[in-house]
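Have a look at the structure below, then the notes.
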Amino acid sequence: MTPRIRGNDYTVLRPPALGSSWTPRLRVSVVIPAYADQAKLDLTLAGLARQTYPADLLEVIVVDNGTEPPLRLSEIRPRDTRLLVCAAPGRARARNTGLAAATGDVIHWMDSDVVPEPEEVEAHMRWHHLAPYLSVTSYLRFTTAPLPGPADVARTDDLAKLFEPAEPHAWIEDLVERSDGLVNSPRPFSIHIGGASSVSARLFERAGPMDPEMILGQDTEMGYRLAQAGAVFIPDPQARAYHLGPSMRMRDSAPISRVSHALVTDRVPGYRWLRTHPSRQWKVAQVEVLVDATAGSYDEVRGTVDGVLAGTVTDLAVVLTGPWDELAPEQRAPLKDPNLDLVLLRAHYTHEGRVRLATTVPDTQSPYRLRIPPGWVPEEDGLGRLLDVLRGRERGLVSVLLAENAEGVTAARLERTEAFSRAALVAEEGEDLDDAVDEMFGVYWVDGETFGFRTAEEAPAFMSARAAYRKRVKAEAEVERLTKEVERLREQVTKWRGEAGRWRKSAVEFRREMGTLRRQVSVLRGQVSALHRTRGLRGIARGLRRPFTFKKT
């Protein structure tokens, strides 16, 4: 049974130790695109000639990309080595030439200025024997040491003696460290580098060849497509090689990023921070919406498609499936045409750039695909909220319950493309793909009403762009007014706090004066009491000094 890896957690696999007594059986094709620099190519071939992986399972294909004078194969090379010529310039074209000629179960890209350690190919291949959907990348060190001869490489027991000191591939090693070896990386495909990566040939059948239009950034774009085909990405620190000289990015980082970002942005929706425009369209949309035009009336299908197009998620494309190539519109009695609704849909959407008419469900490179039955419309931000659920929980499928009756359940589905691609690779015969997706990524159900899904009849009217603009301007003006009012109130509160402070200070002074007055009153009261006592005693003394007089009765 094929192992089922959850997300990118390849740690569930247990590859054999290098040099142990395991039995290789898969054939590997090492494809080397090369242009000029014969001396470096000779060192690459010398490094491959001393690999520990069985020679009868290793083929090497060197593709000369139009060098003048032509490149040649050095004497020190693997036994099964071929030299092909691709005169059309471009590394992608050279790689595709080698890919087309390769016979291996695994394709191992290697640049013509990379010298592998003796165990490098074995390190890659021990992983590929465990699962058929892996992409393995070597750890490169970049050396500026003087070039040795091919014989020196072939007979040394330690390449470090020839190429150290050297620098690591810093940004890749940092990415690997920050993401627990890519296990927790949201974009593990970023690790795919053409200089020293290997991929199952089965994955290339699904992902397709290199894109010749990519003059830079080919490796990242290829890695993204491999991810959508179901790949798991593994950085193996025991697969090691030396890169002769600094990389292009080391030499010219800013110009390289400027060019590669311009090309990658159009093709890799995963780099969302590069897609800053709020409404423009891209070659590969973030979401592909799939609607079966034969499953509903013209009004139902139109309601669904127009509702999706009017939502907050603008980075999307709609695929409308139906027998479009079979339609022959009735000219004399169009109202009696049994295919009238399909004819109307084709006329309505043929010139809409975000809608594509397809006779069958096509393969997709979009990372997400929404399957929605005609007649149902998500609220304006409904799709955006569903995407938040799928991304936040790292699920493979979010199913939306729309209706349920005696006939069954009506549901929409937001699918993660890589999850279903991988499920197709591992599912047993007759197994429901949803079950395999649930095991490797997870399946989640939500209620359609909670996410604002309604029937087309119940959906509110669309707001025009200008009406939305006016509403936004009005809202911004109200926000500005309220902001000014808040500032005014804050100033008033500050003023009141100042006055309250002064009042508190006056109150303290008043309390002090009252205390002084109370003490003075207390003293005066004591003095008055003393005075009263003194006067009373004097009156008594005077009375005693007077003689007593008795009246006669």
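The values are calculated or read from the model by the stated rules, or taken from the named source; none is laboratory data. If you're wondering where the values come from, they're calculated on a predicted model, not measured in any experiment. Neighbour counts run over all protein chains shown; Cβ positions are idealised from the backbone, glycine included. Please note that ligands, DNA and RNA were not included when accessible areas were found on the heavy atoms of the full protein model with its side chains. Shrake-Rupley method; radii C 1.70, N 1.55, O 1.52, S 1.80 Å.
With both labels modelled 7 Å from their Cα along Cα-to-Cβ, the D299 to E491 distance reads 5.8 nm. Distance from the Cα centre of segment 337-371 to that of segment 213-290, in angstrom? Here the answer is 29 Å between Cα centres.
With R₀ fixed at 25 Å, the C-beta to C-beta distance from L130 to D363 puts the FRET efficiency at about 0.45. Once all protein chains are placed together, R50 keeps about 50 Å² accessible to a 1.4 angstrom probe.
Just to confirm, what accessible area per residue do you get for segment 115-172 at 1.4 Å probe, in whole Å²? Kindly include the intermediate steps, with their values, before the conclusion.
Values: 2180 Å² over 58 residues.
That works out to 38 Å² per residue.
The accessible surface of the chain, taken with every protein chain in place and a 1.4 Å probe, is 53 percent carbon and sulfur. Using only side-chain charges placed at the Cβ, +1 for Lys and Arg and -1 for Asp and Glu, the dipole size of segment 325-470 relative to its Cα centre rounds to 960 debye.
Distance between the pseudo-spin-label points of R79 and A500 (7 Å out from Cα toward the beta carbon): 9.2 nm. Excluding ligands, DNA and RNA, the accessible surface per residue across segment 229-303 is 46 Å² with a 1.4 Å probe.
Kindly work out what percent of the DSSP beta bridges joining two residues of the chain are antiparallel, to the nearest 5.
Values: 28 of 73 bridges.
For the chain, the DSSP antiparallel bridge percentage is about 40.
As a rough guide to protection, the peptides 171-179, 339-347, 38-46 ranked by mean Cβ packing within 10 Å, highest first, stand as 38-46, 339-347, 171-179. Take 358-366, 58-66 and order them by the average number of nearby Cβ atoms within 10 Å per residue, most first; the result is 58-66, 358-366.
Working out 0.36 nm times the residue gap between E428 and S464, then minus their Cα-Cα distance, what length gain in nm do you get to one decimal?
8.0 nm
Solvent-accessible area per residue in segment 338-414 equals 50 Å², computed with a 1.4 angstrom probe and all protein chains kept. The modelled label-to-label distance for the pair T410/R275, using points 7 Å beyond Cα in the direction of Cβ, is 2.9 nm.
Among the GluC sites (Glu not before Pro) within segment 354-449, those in coil by DSSP and having at most 10 neighbouring Cβ atoms inside 10 Å are E407, E428, E429.
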